[in-house]
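A.B. asks: For reference, the structure I am asking about is given below.
Only the coordinates and a few stated rules stand behind these numbers; no lab work does. Quick caveat, the model's predicted, so the values are computed rather than measured. Methodologically, a virtual Cβ is constructed for each residue, glycine included, from the backbone with ideal geometry; neighbour enumeration extends over all protein chains shown.
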Amino acid sequence: MMAVLFAASSASDTSAVPAVFSDKVLHLGTYALLGLTVFHAFADGRFERLTPGRAIWAVLFCILYGISDEFHQSFVPGRTPDAKDLIADGVGAALGAAFLLLVRAARLRNWRIG
């Protein structure tokens with residue numbers, strides 16, 4: 001996931017991105033997936049290890065990656081770093097981690113999902 005984000009950040013021409021999508025929506029969505037995957041990795045893929053503490057570490061990791069991504073974009077022609085993108089990254093990562101916490105809570109309570 002991080003390699004995909006790095007490759008996307010390396011593109012000078014962003015005209016391929018559909019105009020329907022806001023830049024912030026794309027940041028939010030991609031970092032939600034990153035937050036989900038990083039949190040899952042921090043828990044070694046085990047639901048019982050999906051704890052709020054690990055969620056916080058996963059979100060912080062994603063924010064640090066977002067900072068490095070914005071810094072990387074400062075070297076790409078036609079791209080500029082943007083603090084609002086970083087905010088969208090952090091919110092997205094938090095949403096991805098929160099989703100897994102909700103799934104864990106549902107499984108612990110034996111709720112039926114799907």
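A.B. asks: Looking at the chain, which longest stretch skips every one of the chymotrypsin sites (Phe, Trp or Tyr not before Pro) that is in a DSSP loop with at most 13 other Cβ atoms within 10 Å, leaving the sites themselves out?
C.D. replies: Looking at the chain, 22-74 is the longest stretch - no exposed chymotrypsin sites (Phe, Trp or Tyr not before Pro) with at most 13 other Cβ atoms within 10 Å.
A.B. asks: Could you work out the relative contact order of the chain, using alpha carbon pairs under 8 angstrom and six or more residues apart, expressed as a whole percent?
C.D. replies: Details: 129 pairs, mean separation 42.9, N = 114.
That works out to 38 percent.
A.B. asks: Can you give the three extents of the C-alpha atoms in the chain along their principal axes, from longest to shortest, in whole Å?
C.D. replies: 50, 27, 21
A.B. asks: Same structure, new question: Region 1-106: which trypsin sites (Lys or Arg not before Pro) are DSSP loop and have at most 16 other beta-carbon atoms within 10 angstrom? Intermediate results must be reported in sequence, preceding the final value.
C.D. replies: Numbers: sites: Lys24, Arg46, Arg49, Arg54, Arg79, Lys84, Arg104; in loops: Arg46, Arg79.
In loop regions of region 1-106 (DSSP not H, G, I, E or B), the sparsely surrounded trypsin sites (Lys or Arg not before Pro) are Arg46.
A.B. asks: Treating the angle as unsigned and between 0 and 90°, give the value, to the nearest 10°, between the Cα long axis of helix 83-108 and the longest Cα principal axis of the chain.
C.D. replies: 20
A.B. asks: What's the angle, to the nearest 10 degrees (0 to 90), between helix 23-42's Cα axis and the longest principal axis of the chain?
C.D. replies: Compared with the principal axis, the helix lies near 40 degrees.
A.B. asks: Still on this model: Hey, what number do you get for the chain at 222 nm if only DSSP H runs of n ≥ 4 count, each worth -39500 (n - 2.57), divided across all residues, to the nearest 500?
C.D. replies: The helix contribution divided over the chain gives -23000 deg cm²/dmol.
A.B. asks: Additional query: Mind telling me which of Gly29, Gly53, Gly90 comes out most flexible in a GNM of the chain, alpha-carbon contacts under 10 Å?
C.D. replies: Largest GNM mean-square fluctuation: Gly53.
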